[in-house]
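One structure below.
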Amino acid sequence: MKYTNYFYLIAFLAFNLHASTQAAVADSSSYGFTIKFERLVKIQPDSLYNYLVRDIGQWWNPDHTWSGKATNLSIQPVANGCFCETLENKGSVRHMTVIFVDPGKTLRLEGGLGPLQMLAVAGVLTFEISLDKSMTKINLSYSVGGYIPGGTRKWAPLVNQVLGEQFTRLVDYAEKK
């Protein structure tokens, strides 16, 4: 992943989150944190779920890949499936492992995203999709815990910004389809 300018990118993203996305660091301590996002969209739950899983290479920001190409990303929506990325020279990256799938409703993955992959932490990322009157509600939560020198608390706002961008890109992509 291109982390050379990672912290500059985070600062930029802090000022550019989509206004209608409700996002927050729900909880944070020296041992872990939870990030939550919620949004209502005018799209059917099954379609939103399919865009989440099938079209990740179309909405994920390529700056947050190891290859620099979001089209190299894929999600296998089955237990033990891979949220993976292909690299040049037959290389690959496992970003996360799928641990729960209820098609059209829930996708849960475990692992450390981005630079968290190199640290002694564990994370669980959950997407929940449901009907809310005439709209579809999508919730994202990412809980991370473990050991990081200096504590995990400083990572919460950074992860919040990056996941907020990805969440917004997914919803915007789905709404334009």
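The values are calculated or read from the model by the stated rules, or taken from the named source; none is laboratory data. If you're wondering where the values come from, they're calculated on a predicted model, not measured in any experiment. Backbone-built Cβ (ideal geometry, glycine too); neighbour counts: all protein chains shown.
Of the strands (runs of 3 or more DSSP E) contained entirely in segment 92-175, those carrying at least 1 residues that are of a type in the set (D, E, K, R) and more than 17 Å from Tyr49 (Cβ to Cβ) fall at 92-102, 106-110. The single condition from (1) more than 21 Å from Val171 (Cα to Cα); (2) touching a Phe, Trp or Tyr at 6+ places or on another chain (Cβ under 7 Å) that Leu140 fails is (1). How about segment 108-128: which of its residues are among the hydrophobic types (A, V, I, L, M, F, W, C) and either surrounded by fewer than 17 Cβ atoms within 10 Å (Cβ to Cβ) or more than 11 Å from the chain's Cα centre (by Cα) (or both)? Matches in segment 108-128: Leu116, Met118, Leu119, Ala120, Val121, Ala122. When segment 116-156 is examined, which residues are found to be among the hydroxyl-bearing types (Ser, Thr, Tyr), out of contact with any helix residue (DSSP H, G or I) (no Cβ under 8 Å at 6 or more places or on another chain) and within 12 Å of Ile35 (Cβ to Cβ)? Thr126, Ser141, Ser143, Thr152 - these are the residues of segment 116-156 that are among the hydroxyl-bearing types (Ser, Thr, Tyr), out of contact with any helix residue (DSSP H, G or I) (no Cβ under 8 Å at 6 or more places or on another chain) and within 12 Å of Ile35 (Cβ to Cβ).
Applying the criterion of being among the small types (Gly, Ala, Ser) and touching a helix residue (DSSP H, G or I) at 6+ places or on another chain (Cβ under 9 Å) to the residues of segment 1-19, the residue that is modelled with the highest pLDDT is Ala14. Pairing each residue of segment 64-93 that is more than 17 Å from Val162 (Cα to Cα) and in contact (Cβ under 8 Å) with a residue 24 or more places away in the chain with any residue that is hydroxyl-bearing (Ser, Thr, Tyr) and surrounded by 18 or more Cβ atoms within 10 Å (Cβ to Cβ), provided the two are 6+ apart or on different chains, yields C-beta distances under 9 Å for Pro77/Tyr49; Val93/Thr65; Val93/Ser67.
The residues of segment 110-165 that are under 23 Å from Pro77 (Cα atoms) and small (Gly, Ala, Ser), listed by number, are Gly111, Gly112, Gly114, Ala122, Gly123, Ser130, Ser141, Ser143, Gly164.
Among the conditions (1) among the polar types (S, T, N, Q); (2) within 15 Å of the chain's Cα centre (by Cα); (3) at pLDDT below 95, the only one that Thr34 does not satisfy is (3).
Picking from Ala26, Ala70, Ala79, which residue would you name as being modelled with pLDDT under 95 and of a type in the set (A, V, I, L, M, F, W, C)? Answer to the selection: Ala26.
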